Structures are given as C-alpha cells and as structure tokens.
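Below: the structure, in structure tokens.
Taken together, the values in this text are just the output of simple stated rules run on the coordinates, not laboratory data. On a predicted model such as this, the values are computed, not experimentally measured, just so you know. So basically every Cβ, Gly included, is an ideal-geometry build from the backbone, and we count neighbours across all protein chains shown.
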Amino acid sequence: MTADQILYILIGITVAGYTVNTLLEWLNLRAQRRDIPDEIAAFYDREKYHKSLDYHRDLTRFDQLTSGLGVLVSVAMLWSGAFGYVDDLLRPLVDNAIMLALCFFGILALVSDLLTLPFQWYATFVIEERYGFNKTTPKTFVTDKLKGYLLGAIIGSGLLSALIYLMERIGPGFWIWFGIIAAAFILFINLFYTTLILPLFNRLTPLPDGELKSAIEVFARKVGFPLDNIFVMDGSKRSKKANAFFSGIGRKKKIVLYDTLISNHTTEELVAVLAHEVGHFKKRHIIFGYVLSLIQVFFTLFILSRMAFSTELSAALGGSQHAFHLNLLAFGILFSPISGVTGLLMSLYSRRNEYEADAFARETYSGPALASALKKLSVDTLSNLYPHPAYVFFHYSHPTLLQRLNALNNV
Ligand SMILES: [Zn+2]
C-alpha cells in the first residue's frame, strides 16, 4: 500500500469515528423523555428531572463541539504532514530513538492538552457549576493538572522508553516482551492504586468505629470477603457525585467509600452498595477482567508489531524517514476501529457482570436496599433515565437504572 492510500485511510477512519459517535449522541438526545417513570417518581421531583435532561443536552452539545474541533485539527495535521514536520524539526536536535519519541509525544501531549484546557475549564466551572455538581476550586483544578502531568510524564515516558528500546533491540518479536511488562504494570496499578496513586489526589481516612463499620464487617464475615481496611475518601473536594469501590488483587482488600456516598445513604443502603462490589469479587469478575485485558494487550501489541517497522506508515504522516513514534501514532488511528469492537464486547461483558453483582447483593443482603441506593445515586448524578438502546449498546458499561431495577424486582 502506498503512503497516500494509507493517509486516506487514516483520515477516513478519523472522520468515520466522529460521524458514528455524533449519530449515537444525536439518537440519544432524541430519545429524551420528559415524563418520570413510576419506579422512581417518589425520588425525582419534576424540576430536578427536567434539570437532568437539560444537563445531558448541554453536556452532549459541548462534547460534540470539542470533539468536532479535535477532529478538524487532527485531519488538518494529517493532511498537511504536520506530524512528519515535527519529526523533521526534532531530528537534528536529538539523535537517539528513545529521546526522539519522548520529545515527539511530549510535545503532542502538551499542545493538545493546552488546546483542550479552556474546554475542560468551561465544562467544570460553567456546565457542572450550573447544575450544582462542581465543588472544585480553581486551585484544586490547577494542582490536579500539574500532578496529572507529572504522573503521566513518569508513567508514560517509562513505558514508551521500554517499548522503543525493545523495538530497536529485538525487532518484531518485541511484542511478547513488552506484553509481559504491560501485564506486570497493570497488576501493579491494581495492587497499589489505593495506597500509592489515590492519596496523591485525595485524602483517605479510616472509617471510624460505629454502626456502619460494624455492619460492613458483619457482612464481610458472612460472605467470606477478606476485608483489610475501610477508608473514607474526600470526594466532596471535587464533586457531589458519589461512589464506592475496593482494590487489591490478593488476600487483603481495601474498601473506599466516598464521603458524599456516606452523607446521604442509610447504613443498609451503603452495605447493599458494598455487597454489589463484593459480588464482583465473588463472581470472579475482577480476575476475568484482568485476564481479558491481558488478552487485549497482547493482541494489540501483536498487530502493532506488524506495523511498527513499515516505512510507508511514517511517510503517510509526512515523515521523511521511518520513525517508531510516527508509526505508533498511525497505528493508534488504524487500530481504533478494532479497539472500538473489542470495547463494545467488553461493555457487553461488563453489563452482564453488573446484573450478576446486583443479584449477589440481593441474595446475600437486600434487594430493596440496593434498589433504593441505586435510585438515590441516579437522582444525585442526574443520570439519563431513557438513553437510546443503540447508545447503551455502544457506550454503557452498566445497564440503565430502569433495567437494573426491573432485574432486582423480578428475578
Ligand atoms: Zn458494579
């Protein structure tokens, strides 16, 4: 295939991806309904519900605008060969392939983040603010950004260096070795997320003794969940949205509850939410999820190994010679339809798991308490009650609220 043909395919994929997404968003907005379903009529007041519809409309339109601009910039850069131009500029300054790739992606990441910064600011301080979600102060916003840059730079440059090193050193067989590194990395993040990464952004305090703590411990003992510690996280620092999760792959599990979750749920509802999370563990979703993501990683790396050494790919991006980083970028675009399909399969699997975890919570603890927690969470986050089925199929990792309530009541 010639470089020109590849360029057309790259542009075609970029535009097609945007078109499919816009179509789904449009269908989803058209599916909005202003009536309130009986199941949750007691929780949603009319005004709040209409507010949630407006929130979705505003957010969708804003996202469409930003991603539309993003596509325009990407297509313009592809068409003009700007990526190759950046590569040509860097070459006289840096002569080592690893440093070259680091500088190249560093510049791209910085420029793209600076371009989207005003949009992120607007989404947080105007849209989220308008609907009363936002609690982030400009100071938190800026320090989050800086910590994010630093973390991204450390992790990103570490992985990228290893990848380029292995490509140069081993050739197309690099994918097996890098796959092993990636697997270890994913495992590491899973094991130490709560102890190493989360504390960089949030304060975690142990849940004090009391009714809630003993209720959780009684439940954990009953179902044989290896509970290590329960933490409360200051989620209220950023947003009124609430959540709960646990982390740790081995024998010791840490549960993290958002302070926002604790403040407006009863003890029964909180234990029911945790029972759902424990269900994911008991039904082996966590470990299967890990295995599936490993299969995905190795598959992706294998395809990459067939493309990383092509001179045509670099030329398609305007490069005057072969460069691993140009090929990585082209690969990212070429692979996106495939990752779209695998993502869709993962969502299907994830929605099935959510039903199973709900059923576990119903059997081991209480269906009504979970249902009531789900309703409250849905009201608090103003989540969409009538998403379009096509949109759910492509994007939802969880079934819709009404689907989950139906399953809880009927089975
Ligand atoms: Zn779940």
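Out of all DSSP beta bridges with both ends in the chain, state the antiparallel percent to the nearest 5.
Antiparallel bridges: around 55 percent, rounded to the nearest 5.
Given 145/237; 213/253; 135/376; 48/145; 51/375; 222/254, which pairs have Cα atoms separated by over 25 Å? Working shown, then result.
Working: 145/237 15 Å; 213/253 15 Å; 135/376 19 Å; 48/145 32 Å; 51/375 16 Å; 222/254 17 Å.
48/145, as the Cα separations exceed 25 Å there.
To the nearest 10 degrees, how steeply does helix 401-410 sit against the main Cα axis of the chain, on a 0 to 90 scale?
Compared with the principal axis, the helix lies near 50 degrees.
Mind checking which of 95, 63, 234 has the largest fluctuation in a GNM of the chain, springs on alpha carbons under 10 Å?
95
Using the Kirkwood radius over Cα pairs, work out the Stokes-Einstein diffusion coefficient for segment 113-188 at 37 °C and 0.692 mPa s, in µm²/s as a whole number.
Details: Rh = 15.3 Å.
In µm²/s, the coefficient rounds to 215.
Do the sum for the chain: with -39,500 (n - 2.57) for every DSSP H run of n ≥ 4, divided by all residues, what is the mean residue ellipticity at 222 nm, to the nearest 500 deg cm²/dmol?
Details: 17 runs with 288 residues, N = 411.
Counting only the DSSP helices, I get -23500 deg cm²/dmol.
Where Rh is the Kirkwood radius over the Cα pairs of segment 258-374, the temperature 37 °C and the viscosity 0.692 mPa s, what D in µm²/s does Stokes-Einstein return?
Numbers: Rh = 17.4 Å.
The estimated diffusion coefficient comes to 189 µm²/s.
Below 8 Å between Cα atoms, with a sequence gap of 6+, how large is the relative contact order for segment 283-411 in percent?
So the answer I get is 21 percent.
Can you give the angle from 0 to 90° between the axis of helix 267-282 and the longest principal axis of the chain, with both taken from C-alpha atoms, to the nearest 10?
Tilt relative to the chain: about 50 degrees.
Between helix 211-223 and the chain, what is the angle of the helix's C-alpha long axis to the longest principal axis, kept within 0 to 90° and rounded to the nearest 10?
70 degrees
Just the number, please: Stokes-Einstein D of segment 339-411 in µm²/s, Kirkwood Rh from C-alpha pairs, 4 °C, 1.567 mPa s. Could the numbers behind the result be given before it?
Values: Rh = 12.9 Å.
D, rounded to a whole number, is 100 µm²/s.
What is the P(r) of the chain, as percent of Cα-Cα pairs per 10 Å bin from 0?
4, 17, 27, 28, 16, 6, 1
Reported to two decimal places, what Rg/Rh ratio describes segment 13-107 when computed on Cα atoms with Rh from the Kirkwood expression?
Rg/Rh for segment 13-107 comes to 1.28.
Averaging sequence separations of C-alpha pairs under 8 Å and six or more residues apart, then dividing by the length of segment 114-242, give the relative contact order as a whole percent.
Details: 57 pairs, mean separation 43.4, N = 129.
Relative contact order, segment 114-242: 34 percent.
Put +1 on the Cβ of each Lys and Arg and -1 on the Cβ of each Asp and Glu in the chain; which of 309, 223, 392 then has its Cα farthest toward the positive end of the dipole?
Toward the positive end, the furthest listed residue is 223.
Output needed for segment 206-319: three equivalent-ellipsoid semi-axes, defined as square roots of 5 times the C-alpha gyration tensor eigenvalues, in descending order, whole Å. Show your work: numbers first, answer last.
Details: eigenvalues 347, 72, 21 Å².
Each semi-axis is the square root of five times an eigenvalue, giving 42, 19, 10 Å.
Classify segment 127-252 as rounded, prolate or oblate, taking a ≥ b ≥ c as the square roots of the eigenvalues of its Cα gyration tensor: rounded when a/c is under 1.5, otherwise prolate if a/b is larger than b/c and oblate if not. Walk me through the intermediate numbers first.
Numbers: a/c = 3.21, a/b = 1.39, b/c = 2.32.
Oblate is the answer for segment 127-252, as a/c is 1.5 or above yet b/c matches or exceeds a/b.
What ranking do 345-352, 325-332 get when scored by the average of other Cβ atoms within 10 Å per residue, highest first?
On the way: 345-352: 14.8, 325-332: 21.9.
Ranking the peptides 345-352, 325-332 by packing returns 325-332, 345-352.
At q = 0.13, 0.17, 0.19 Å⁻¹, what log₁₀ I(q)/I(0) does segment 75-149 have when each alpha carbon counts as one equal point scatterer in the Debye sum?
Debye curve over Cα of segment 75-149, log10 I(q)/I(0) at q = 0.13, 0.17, 0.19 Å⁻¹: -0.58, -0.78, -0.85.
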